Amino acid sequence: MLTLPPSVRIFIAATPVRMCNSYDGLANAAREVIAQDPMTGHLFVFFNRTRTQVKALYWDRDGFCVIGKRLERGTFKLPELAPGQTVVELEAADLMLLLGGIDLRGAVRRARWKPDCIEKTCRSIPNMV
């Protein structure tokens, strides 16, 4: 179980990556496949061609960390992609479901409150602004 703060973005590469890659190979894949700087502290997730293995890379202040999982049976099911899409950004809860074998196509996310612009919120409060 991974515990990630909400500030960490999770990027999944839809393009398969060779699982013999380790720190440097996955960092290069983050730059080339996902087009992000691997030293941002975000989580970069890669699958092999058959989707039986997954590796995740993240920068931990003073070095890279690699986490891996290999399935003994079955495959990982990636979310639906738009044509030409090579990267998917997920929330931590969705990643945990994906790694746990849940097909995200059937999952329904209920509406949650999201704050509007702070300026708009402050105008609605008397004596603010």
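Numerical summary
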| quantity | calculated |
| --- | --- |
| Some residue of region 71-84 being outside any helix (DSSP H, G or I), in contact with a Lys or Arg (Cβ under 9 Å, 6 or more places away or on another chain) and within 18 Å of PRO5 (Cβ to Cβ) | no |
| Residues within region 34-54 that are open to solvent by 40 Å² or more (accessible area, probe 1.4 Å) and either among the hydroxyl-bearing types (Ser, Thr, Tyr) or on the phi < 0 side of the Ramachandran plot (or both), tallied | 7 |
| Residue in region 92-102 that is open to solvent by 60 Å² or more (accessible area, probe 1.4 Å), out of contact with any strand residue (DSSP E or B) (no Cβ under 6 Å at 6 or more places or on another chain) and among the charged types (D, E, K, R) present | no |
| Positions within region 1-38 being among the charged types (D, E, K, R) and within 24 Å of GLY101 (Cα to Cα), in sequence order | ARG9, ARG18 |
| Hits in region 49-64 - residues which are part of a strand (DSSP E or B) and either at pLDDT 95 or above or of a type in the set (S, T, N, Q) (or both) | GLN53, VAL54, LYS55, ALA56, LEU57, PHE64 |
| Condition check for GLY68: modelled with pLDDT of 90 or more and either open to solvent by 60 Å² or more (accessible area, probe 1.4 Å) or part of a strand (DSSP E or B) (or both) | yes |
| Residue that is nearest to LYS77 (Cα to Cα), among those in region 7-31 that are in contact with an Asp or Glu (Cβ under 9 Å, 6 or more places away or on another chain) and either assigned to a helix (DSSP H, G or I) or free of Cβ contacts under 8 Å to residues at least 40 places away in the same chain (or both) | ALA30 |
| Qualifying residue in region 32-48 (condition: farther than 12 Å from VAL87 by Cβ, in a loop (DSSP other than H, G, I, E, B) and of a type in the set (Asp, Glu)) | yes |
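The values are calculated or read from the model by the stated rules, or taken from the named source; none is laboratory data. In this text, all values refer to a predicted model and were calculated from it rather than measured experimentally. So basically every Cβ, Gly included, is an ideal-geometry build from the backbone, and we count neighbours across all protein chains shown. Areas reflect the complete protein model, heavy atoms only, side chains present, ligands, DNA and RNA absent. Shrake-Rupley method; radii C 1.70, N 1.55, O 1.52, S 1.80 Å.
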